[in-house]
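See structure below.
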Amino acid sequence: MILVYLTLLFAGLLSTLFTYLAVTEKDLLKAAAYSAGQSIAYSILFQVFAATDILLAYIAISVGVYSGLLIFIVSKTERFEV
Amino acid sequence: MGRRLLGLVFVYSLALALALVVYATGSLQPPHEIKRLGVFYVEETFFGNMTAMSPEAVTAIVWDYRGLDTVYETAVFFLAVVAGLAVFRVSKTPPLKRGVGLTEISRTSTKIVAALIVVVSASIALHGHLTPGGGFQGGSTLAIAPLLVIPIFSYYALLARRLTPGLLVTLRGLALTAIGLVALLPVFKGLEVVTNIRFYPAYILGQLVSGSLLLYNSSEYIAVASGFAAVFLYLSFEEEFHEEERGEDHE
């Protein structure tokens with residue numbers, strides 16, 4: 001049980017860090033990468049909560065599709081936030 | 001940089017305070033008993049009288065017990081993709097050129113990874129009625145393959161293999177029609193819409209297919225993957241091509 005709580009703590013803190021970095025980052029490509037990192041931390045949380053069905057959809061959408069879409073969109077604007 | 005670090009410390013203090021409040025109220029403890037609704041689904045999905053003949057309770061709920069919710073969800077996703085495609089208003093594809101793509105290392109690794117993605121996604125979708133996963137999960141995983149291929153090999157690699165947005169949108173339409181047909185077919189035999197086990201066989205050649213669940217999952221798999229792939233292809237076309245197309249539209 002203690003391992004579950006430790007994993008929860010680690011993933012929770014990691015997601016908070018990545019979210020903060022994504023919000024404050026001016027380089028949009030880096031921000032997209034941080035956002036993917038936050039999604040991976042959330043995926044760990046879903047796995048710990050035994051929500052495997054959600055995890056399978058979430059990891060493909062949030063790490064793959066969402067990051068890909070963001071990079072496509074950044075390529076059509078400018079890389080740095082003014 | 002100092003300001004950013006200060007912000008991070010503030011965010012962590014806030015998170016810690018929130019965690020302490022949640023812990024103090026005792027909300028962290030998981031419940032010891034399953035709710036009655038949960039017990040119903042766990043007991044009925046495979047063994048009970050109201051069975052969906054699927055050991056995977058989530059798929060049984062998504063496509064059988066609460067099938068109507070999924071119909072609306074699929075409709076929302078369908079309209080979102082239609083709206084996305086309507087924004088581009090592209091009727092043609094760019095003329096075929098030889099794309100440059102990336103280095104040999106990334107090309108080779110992408111070939112291996114893309115093949116693995118296809119296999120894993122098919123496994124997620126087609127075993128959706130047996131293990132965690134399903135059509136949407138499998139389809140969104142399969143959509144990662146074109147997403148990888150486009151930047152690594154350039155989108156000409158897909159267009160040269162006739163994988164055009166037109167074909168993908170048609171595939172998507174066909175798959176959604178198949179979902180509609182699977183839901184409607186029982187009506188012709190005097191049963192309710194979205195009937196499962198009373199109309200479709202639970203076993204085919206000794207293999208558990210859970211009635212309509214396998215059909216729904218495989219159709220949704222194709223619909224989701226082709227929808228996403230079409231959007232990625234449209235997004236990857238150069239801005240000049242989009243402008244050209246829009247210019248022709250105005251004339």
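For region B:40-54, filtering for residues that are of a type outside the set (S, T, Y) and within 14 Å of chain A (Cβ to nearest Cβ) leaves 1. Among the conditions (1) more than 12 Å from every other protein chain (Cβ to nearest Cβ); (2) modelled with pLDDT under 95, the only one that A:Y42 does not satisfy is (2). Within region B:1-26, restricting attention to residues that are hydroxyl-bearing (S, T, Y) and open to solvent by 90 Å² or more (accessible area, probe 1.4 Å), the residue that is farthest from the chain's Cα centre (by Cα) is B:T25. Consider A:L3 carefully, then state whether it is more than 25 Å from B:P151 (Cβ to Cβ), hydrophobic (A, V, I, L, M, F, W, C), modelled with pLDDT under 95 and assigned to a helix (DSSP H, G or I). Here the answer is yes, as A:L3 does meet what is asked. Only a single criterion out of (1) open to solvent by 100 Å² or more (accessible area, probe 1.4 Å); (2) modelled with pLDDT of 95 or more is not satisfied by B:L79, namely (2).
Of note, B:G26 satisfies the criterion of being over 30 Å from B:L130 (Cβ atoms), more than 14 Å from chain A (Cβ to nearest Cβ) and at pLDDT below 85. When the residues of region B:142-197 are narrowed to those that are among the small types (G, A, S) and crowded, with 19+ Cβ neighbours inside 10 Å, which ends up nearest to B:N217 (Cα to Cα)? By that ranking, first place goes to B:A175. Of all the residues in region B:183-240, those that are more than 19 Å from B:G84 (Cα to Cα), within 14 Å of chain A (Cβ to nearest Cβ) and not in a helix (DSSP H, G or I) number 0. Among the candidates B:S226, B:S219, B:S210, the residue that is surrounded by 22 or more Cβ atoms within 10 Å (Cβ to Cβ) and at positive phi is uniquely B:S210. For region B:186-205, the set of residues classified as at negative phi and hydrophobic (A, V, I, L, M, F, W, C) consists of B:V187, B:F188, B:L191, B:V193, B:I197, B:F199, B:A202, B:I204, listed by residue number. Scanning region B:105-122 for residues that are open to solvent by 20 Å² or more (accessible area, probe 1.4 Å) and within 11 Å of chain A (Cβ to nearest Cβ) yields B:I117, B:V120. When the criteria are applied in full, A:I73 meets the requirement of being over 26 Å from B:G133 (Cβ atoms) and either assigned to a helix (DSSP H, G or I) or out of contact with any Asp or Glu (no Cβ under 6 Å at 6 or more places or on another chain) (or both).
For (1) within 14 Å of chain A (Cβ to nearest Cβ); (2) of a type in the set (D, E), each residue gets a yes or a no:
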residue	(1), (2)
B:Y12	yes, no
B:I34	yes, no
B:G38	yes, no
B:D69	no, yes
B:Y72	no, no
B:A75	no, no
B:V82	no, no
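Any residue that is within 22 Å of B:P55 (Cα to Cα), within 14 Å of chain A (Cβ to nearest Cβ), under 21 Å from the mean Cα position of the chain (by Cα) and outside any helix (DSSP H, G or I) - is there at least one of those in region B:134-155? The answer is yes; a qualifying residue exists.
The values are calculated or read from the model by the stated rules, or taken from the named source; none is laboratory data. Since the model is a prediction, treat every value here as computed from it, not as a measurement. Cβ atoms come from the backbone with ideal geometry, glycine included; neighbour counts cover every protein chain shown. For the accessible areas, the whole protein counts, side chains as well, though only heavy atoms, and no ligand, DNA or RNA atoms are used. Shrake-Rupley method; radii C 1.70, N 1.55, O 1.52, S 1.80 Å.
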